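Take this structure first; my questions come after.
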Amino acid sequence: MNTLQQLGWSANFDSSLNDIDHENMTIGRVSTVNKSNCIVIHESGSKICELAGNLLFGMEEYEKPKTGDWVLFLDYGDLGIISHVLPRQTYLSRKKAGKEVAEQIIATNIDYAIVVQCLEIGLNLRRLERTLVQLQNCNIEAIILINKIDLAITTEQREVMNFMENTYGAIPVSANQNINLKLIQSKIHTGKSYVFIGASGVGKSSIINALEGSSKLKTGEISQATNKGAHTTTSRELYVLNSGGIVIDTPGTREFGLTSASSESGSSGFRGIDELAKECKFHNCTHTNEKGCKVLKAAKSGDISEAEYDNFMRLNREMEHYASSSKDRKQKGKHLSKIIKNMKKSGYKNR
Ligand SMILES: Nc1nc2c(ncn2[C@@H]2O[C@H](COP(=O)(O)OP(=O)(O)O)[C@@H](O)[C@H]2O)c(=O)[nH]1
Ligand SMILES: [Mg+2]
Ligand SMILES: [Zn+2]
């Protein structure tokens, strides 16, 4: 049994209850979303819940309950009926694959994303940067793990690993050999929510099992136990660790299609470039052809690699494109074409 605080409730959510007559309702947090129902965890256990008809037919897809959402439900014993989804503090999303300009929500009310790559499948700096940019867009902090360091490593991989450690604070770990698990544990706090992301097979579930300190806690068994035979269409699942902290396991999330930059902090997710950009002459520098641009200067001198600069520009273009497609295509299009024009002028290949 968990208190609401242990499930991640914070004072921020209190105010969202003010306008709702919730006397006879139970507060819970969505663990798994199935085709026709959700598994909701609450203070005295878990419950299969269905959506009230007005929500089912009156809500947009993105408004419907997602893993991590706080909901209010009426308890009918075997079944609960969800009447409200409380406003989200944060949510992790990505642009849906393909040409469609639509956002897919992966999990909600998240404090940290634990981004996992591994030696076996191969480290990929570009993919990491892409993920960090999207996390920045979503205002979610990142903890980066490099798993399976018990395996042999090539010189090239070691270089990438060092870069990830030095620039992004990546932590080398091994779920199998119990390397640095204590360090991960020390970053996971009671009442905070952590979503695990990374390609299928990198060891997300193994790390969660290892953190739980129990190999019998296979994720498959948990989902069978809580689903009680319900048909699972997604394996995203929220658990409360014995040691405190809420984790969300996800199936493989390989690439993050970027949505619009919402970040007002002026940071992009590229830590090296962000530091340089603070020193640019113009505060709205596009880092393409401006005089006094420290980013361009570093790219030209080799202080940042051409690959990193190219990736930074490519991801910016992608976000511009998303913004222009989803909002005001005409207005934003001008800005985008200006950036592209400037890039061409400055001699950078438009890849
Ligand atoms: N050598 C090694 N293998 C691991 C490690 N962690 C996980 N694995 C293996 O990698 C495979 C995929 O792990 P899994 O946790 O299912 O990955 P997920 O898809 O990200 O959840 C399994 O066969 C694990 O036994 C590790 O630290 N070292
Ligand atoms: Mg898994
Ligand atoms: Zn600049």
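What follows is calculated from the coordinates using simple rules that are stated; it is not laboratory data. A quick note: this is a predicted structure, and the numbers were derived from the prediction, not measured. Cβ coordinates were reconstructed from backbone atoms using ideal geometry, including for glycine residues, and neighbour counts include every protein chain displayed.
Long-range amide H contacts for VAL173: which residues qualify at under 5 Å (H placed 1.01 Å from N, peptide plane, sequence gap of 5 or more or a different chain)?
So VAL173 has HN proximity to ILE146, ASN147, LYS148, ILE149.
Neighbour counts of other C-beta atoms within 10 Å: give me SER36, SER31, SER305 arranged from fewest to most.
SER36, SER305, SER31
Then there is this: What is the set of long-range amide H partners of THR259 at a cut-off below 5 Å, with H atoms built 1.01 Å from backbone N?
LYS95
Something else about it: Taking neighbour Cβ counts within 10 Å as the exposure measure, how do CYS49, CYS280 sort from fewest upward?
Sorted ascending by nearby Cβ count, the order is CYS280, CYS49.
Can you sort THR154, THR259, THR167, THR286 so the residue with the fewest Cβ neighbours within 10 Å comes first?
Final ranking by Cβ density, sparse to dense: THR154, THR167, THR286, THR259.
Could you tell me the relative contact order of the range 91-249? Use alpha-carbon pairs under 8 Å, at least six residues apart, and round to a whole percent.
Details: 242 pairs, mean separation 36.3, N = 159.
Value for the range 91-249: 23 percent.
Treat every Asp and Glu Cβ in the range 91-249 as -1 and every Lys and Arg Cβ as +1, leave all other atoms uncharged, and give the resulting dipole magnitude about the Cα centre to the nearest 20 debye. Walk me through the numbers on the way to the answer.
Values: 17 positive and 14 negative charges, 58 e Å.
It comes to approximately 280 debye.
Report the full-extension gain for the segment ILE153 to GLU120: residue separation times 0.36 nm, less the Cα-Cα distance, to one decimal in nm.
11.0 nm
Quick one: work out the % antiparallel among DSSP beta bridges in the range 35-192, nearest 5. All intermediate terms of the calculation are to be shown ahead of the outcome.
Working: 16 of 28 bridges.
Of all bridge pairs located within the range 35-192, approximately 55 percent are antiparallel.
Follow-up question, since we're still on this one. Between ASN166 and GLN5, how high is the FRET efficiency from 1/(1 + (r/R0)^6) when r is the Cβ-Cβ distance and R₀ = 45 Å? Nearest 0.05.
0.80
Need the C-alpha centroid separation for the range 171-201 versus the range 64-100, integer Å.
Between the Cα centre of the range 171-201 and that of the range 64-100, the gap is 25 Å.
With θ set to phi - 60° and the Karplus curve 6.51 cos²θ - 1.76 cosθ + 1.60, what are the ³J(HN,Hα) couplings of the range 163-171 in order, to the nearest whole Hz, using x for Gly and Pro?
4, 4, 5, 6, 8, 10, x, 4, 10
Name the residue farthest towards the positive end of the dipole of the range 11-85 from the options ILE41, TRP70, LEU55, assuming +1 on Cβ of Lys and Arg, -1 on Cβ of Asp and Glu, about the Cα centre.
After comparing all options, I get ILE41.
Convex hull volume of the Cα atoms in the range 1-149, per residue, in Å³?
Numbers: hull volume 23.5 nm³, N = 149.
Given the Cα convex hull of the range 1-149, per-residue volume reads 158 Å³.
Quick one: of LYS204/LYS278; LYS35/LYS99; LYS66/LYS187; LYS96/LYS300; LYS99/LYS278, which pairs are farther than 32 Å apart, Cα to Cα?
Values: LYS204/LYS278 35 Å; LYS35/LYS99 25 Å; LYS66/LYS187 25 Å; LYS96/LYS300 34 Å; LYS99/LYS278 34 Å.
The answer is LYS204/LYS278; LYS96/LYS300; LYS99/LYS278.
Between ASN139 and ASP75, what is the label-to-label distance in nm when each label sits 7 Å out along the Cα-to-Cβ direction?
Here the answer is 3.2 nm between the modelled labels.
Convert each backbone phi in the range 298-304 into a coupling constant with the Karplus relation 6.51 cos²θ - 1.76 cosθ + 1.60 (shift: θ = phi - 60°), then list the ³J(HN,Hα) values in order as whole Hz, x for Gly and Pro.
So the J values, rounded to whole Hz, are 5, 5, 6, 7, x, 5, 10.
Here is a follow-up. Hull surface divided by four, with the convex hull built on the Cα atoms of the range 91-249: how many nm²?
If I average the Cα hull's projected area over directions, I get 10.2 nm².
Still on this structure: Kindly list the residues of the range 238-255 that lie in the label zone of GLN185, defined by a backbone N under 17 Å from the point 7 Å along the Cα-to-C-beta vector.
In the range 238-255, the label zone of GLN185 (backbone N under 17 Å from the point 7 Å along Cα→Cβ) covers 240-247.
Once both labels are modelled 7 Å past Cα along the beta-carbon direction, what's the LEU17-SER200 spacing in nm?
So the two model labels end up 4.0 nm from each other.
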